[in-house]
1. Tell me, yes or no, whether the range A:493-504 has at least one residue that is within 30 Å of A:Ile426 (Cα to Cα) and either more than 33 Å from the chain's Cα centre (by Cα) or modelled with pLDDT under 95 (or both).
2. Report, ordered by the first and then the second residue, all pairs with beta carbons closer than 9 Å, sequence separation of six or more or different chains, a first member in the range A:6-19 that is outside the structural domain of A:Val98 (by TED's automatic domain parsing), and a second member that is of a type in the set (Lys, Arg).
3. Which ones in the range B:120-169 are within 18 Å of B:Leu72 (Cβ to Cβ) and among the aliphatic types (A, V, I, L, M)?
4. Restrict the check to the range A:267-277 and report whether at least one residue is within 15 Å of A:Gly239 (Cβ to Cβ) and surrounded by fewer than 19 Cβ atoms within 10 Å (Cβ to Cβ).
5. Anything in the range B:5-40 that is of a type in the set (Ser, Thr, Tyr), more than 9 Å from chain A (Cβ to nearest Cβ) and part of a strand (DSSP E or B)? List them, or say none.
6. Can you pull out every residue in the range A:164-195 that is at pLDDT below 95 and among the basic types (Lys, Arg)?
7. Please enumerate the residues belonging to the range B:71-113 that are among the small types (Gly, Ala, Ser) and at the interface with chain A (Cβ under 9 Å from one of its Cβ atoms).
8. Between A:Ser451, A:Ser433, which is out of contact with any Ser or Thr (no Cβ under 8 Å at 6 or more places or on another chain) and hydroxyl-bearing (Ser, Thr, Tyr)?
Amino acid sequence: MKKLLSGNEALALGAYHAGVRVATAYPGTPSTEILEAIAPYKDVYAEWSTNEKVAMEVGLGACYTGARTLVCMKAVGLNVAADPFLAAATTGINGGLVIVSADDPSIHSSQGEQDNRHYAKLAKVPILEPVDSQSAYDLMALAFEISERFDTPVMLRTTTRISHSKSVVNVTGERAVSTKPPSFPRNVQKYVMLPVNARFRRPLIEERLVKLAEFADTFPFNRIESGGNNLGIIASGIGYQYAREVFPEASFLVLGMTHPHPTALLRRFAGQVKRILVVEELDPFLEDSIKALGIPVSGKEFIPRIGELNADIIEAAGRKMGVLAGKPAPPKITVKNPLPGRPPLLCPGCPHTGMFYVLASLGQRLKLPGAKEKEQKESTLVITGDIGCYTLATYPPLNAMDTTACMGASIGHAIGMEKAGLKSKIVAVIGDSTFLHSGVTPLIDAVYNQSKITVVILDNGTTAMTGHQEHPGTGITVKGEQAGRVILEDLVRGLGIKDVKVVSAFDIREVRAAVRYSLDRPELSVIISRGACAVRTPRGAVSRTIEVESCNQCGICLLIGCPAIQAEGKQPFIDPSMCMGEKCTICQQVCPKRAIKPSSELRAAK
Amino acid sequence: MKKFDLFITGVGGQGNILASDIAAEVALAAGYDVKKTDTLGMAQRGGSVISHVRIAEKVHSPLIKEGEVDILAGFEKLEAVRWAGYLKPGAIAIINDFAQPPLSVNFGVDHYPSDEEVRAILKQRTDRIFMVSGTHCVTELGNARTLNIFMLGCMSRFMPFKVELWKKSIRAHLPSRLHKINIAAFDLGRKEIGDGR
């Protein structure tokens, strides 16, 4: 049956048909949809794990019982899960274990760009790379077979354009599950990595790699597509598609398995063509290992190692290399006035807006974009930030975030600044899902080392940024079923923190009072700002309106950065189709002239 | 077999991803190879969203090359002209007459292109510009969220797929309570373009 599937959907279906019994993940772009596509299957246990490290450990435990197991994460997620990933490479598996690493070239939605194939090389495990949804579907089944045949976890690596593009899949398989009940035969030498046992496993890993390299030479997804002999392309992943479009005459060696590489096949291909161009996204991973074989190839001297590729880039590379005839470029478009950008913003009715407005006003940092720069002064308040929608508060007019590095880092950053002797007050701001992911351990550090920082947990009851996934604080599973629930304030108080407040995110007065109180006291404090995500909240019935007669055009309502509040000249107005109405009212609360009112009141008055 | 490279642009929340999914399904049902992909930033709402739909006998890259777009459907004017460089000379450009100014425009820092500027930019690639009053039409119809289906109706005029195929795919992607109004929006879009001259 022909179906139009995204790469992520194809991976999920491939895993289901391959008999996967356990699937774990933490949401992260561009990997999120894989677990979401598996979760509806009743005969698969699927969970959003607390973080990627836990996802990997749960996955490893599951596969030890013989269950075929899938673990999915975004590129930077594997940084979190690196420890158990390398442990898995050492112990090996029992049931097949496939780890999807979805890399994000061009940093569409990540904190950095990294080529995770290096992790698989470090761990000495095989990598499979699909070129479209069909091969994603097919390779998933083979990944489980390779895992079990060679007693190794297998990395299945995608990049954004594979995960997030739809193409036609001929769905041929059906679900086939091992009928063996889960069992765990004790095997200390394999599963208990005491140094003596780890030393026993160590040479097995090298032997495994040699066998895998031999296997790579006959692996059917490493294949030559014969064309002309002037130019040979060695390609993997989405790079194959771009090169196929640009070089229809060339010969191709497409590698579905990029580590370890197929030495004999590479040499055979090199003997068939005059020049070789290696096309791969991000680092010269294949290129370097092919060059190490003594095969002369071109690659990153023509093709950028930064960012996503596309056919235009490959075409330009072909011209630079002299293997494509030059074609006159279409004349560039000229514009009279530069077109304005459209940076992402916090949504109308976002529960984070009020807290950031309060923090920004206490730190005297509210500023309209384009307003004159004031003299740079040392800020009296430093706001260390974290990863989620709320990172958008960095933009004007709120300007309310000073650091963002990786999941959970806000709290450690704040502790470090304080301990280094910074005189400013320091607030760490972190979302609920991120806090549970990796904010708890640094908060324990703050308790233990008697830090005096204030930690704000923005609790919108969801993992909003990646598309509203559940997490331990919501008490609902990925399948939509009731689950255990971690109560944030209980957890925080349980660590021994005395100054813990829960405030309503939409009550500016309450938020301001709590922030002022905690900042003024020389002890560790936590403020949980609670309010539901606007995207998941039905809009209020009565939008707010600005009463022009009472408005003195001071512009304070614009400083909250709500997209529903617009301006004609100096006069602000509220777009009723975007306003969340009585569910929010932040603008109404900050207006010093009380000119913002429910639209129904204003109509009644008229 | 002809190729159709469709480029659908708009602002998050306008439903262009659904529109591109429907167009891709129609092409598949009509026996074409098809690939589609969306590029969107990190915003849940309000950011730029672009969908590439590639329809041909055999498609390799899911992304359309610059200067190769056959049909542009711009759900918002600024987001339509932003990508004018992707248009093939003589391409079809269907632009919804609707502006959603970014915050920087509201603050008076940036300038939103006037309708003359919009035309002048597109004219550098094509004369086949169709300014359509989609937002107005579907608001009159009673559901502003059917704009994406209205725009599909406009686009369908320039592709050889049967009307019934479009309607079947629209129904397959929407809950039944929304079928009637969306089919009406699709028909309105077709009417708006007329014979495409």
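1. Just the residues of the range A:493-504 that are within 30 Å of A:Ile426 (Cα to Cα), to begin with: A:493-504.
Within this subset, residues satisfying the condition of being either more than 33 Å from the chain's Cα centre (by Cα) or modelled with pLDDT under 95 (or both) are A:498.
Taking every residue of the range A:493-504 in turn, at least one turns out to be within 30 Å of A:Ile426 (Cα to Cα) and either more than 33 Å from the chain's Cα centre (by Cα) or modelled with pLDDT under 95 (or both).
2. Once the first residue is outside the structural domain of A:Val98 (by TED's automatic domain parsing) and sits in the range A:6-19, no partner that is of a type in the set (Lys, Arg) comes close enough.
3. B:Ala120, B:Ile121, B:Leu122, B:Ile129, B:Met131, B:Val132, B:Leu147, B:Ile149, B:Met151, B:Leu152, B:Met155, B:Met159
4. Initial filter on the range A:267-277 (within 15 Å of A:Gly239 (Cβ to Cβ)): A:276-277.
Filter once more, keeping what is surrounded by fewer than 19 Cβ atoms within 10 Å (Cβ to Cβ): none.
No - not one qualifying residue is present in the range A:267-277.
5. The answer is B:Thr9, and nothing else.
6. The answer is A:Lys180, and nothing else.
7. Going residue by residue through the range B:71-113, those that are among the small types (Gly, Ala, Ser) are B:73-74, B:80, B:84-85, B:90-91, B:93, B:99, B:104, B:108.
Answer for the range B:71-113, where residues must be among the small types (Gly, Ala, Ser) and at the interface with chain A (Cβ under 9 Å from one of its Cβ atoms): B:Ala84, B:Gly85, B:Ser104, B:Gly108.
8. Values: A:Ser433 fails: out of contact with any Ser or Thr (no Cβ under 8 Å at 6 or more places or on another chain).
From the options A:Ser451, A:Ser433, the qualifying one is A:Ser451.
The values are calculated or read from the model by the stated rules, or taken from the named source; none is laboratory data. Values in this document were obtained by computation on a predicted structure and should not be read as measured data. Backbone-built Cβ (ideal geometry, glycine too); neighbour counts: all protein chains shown.
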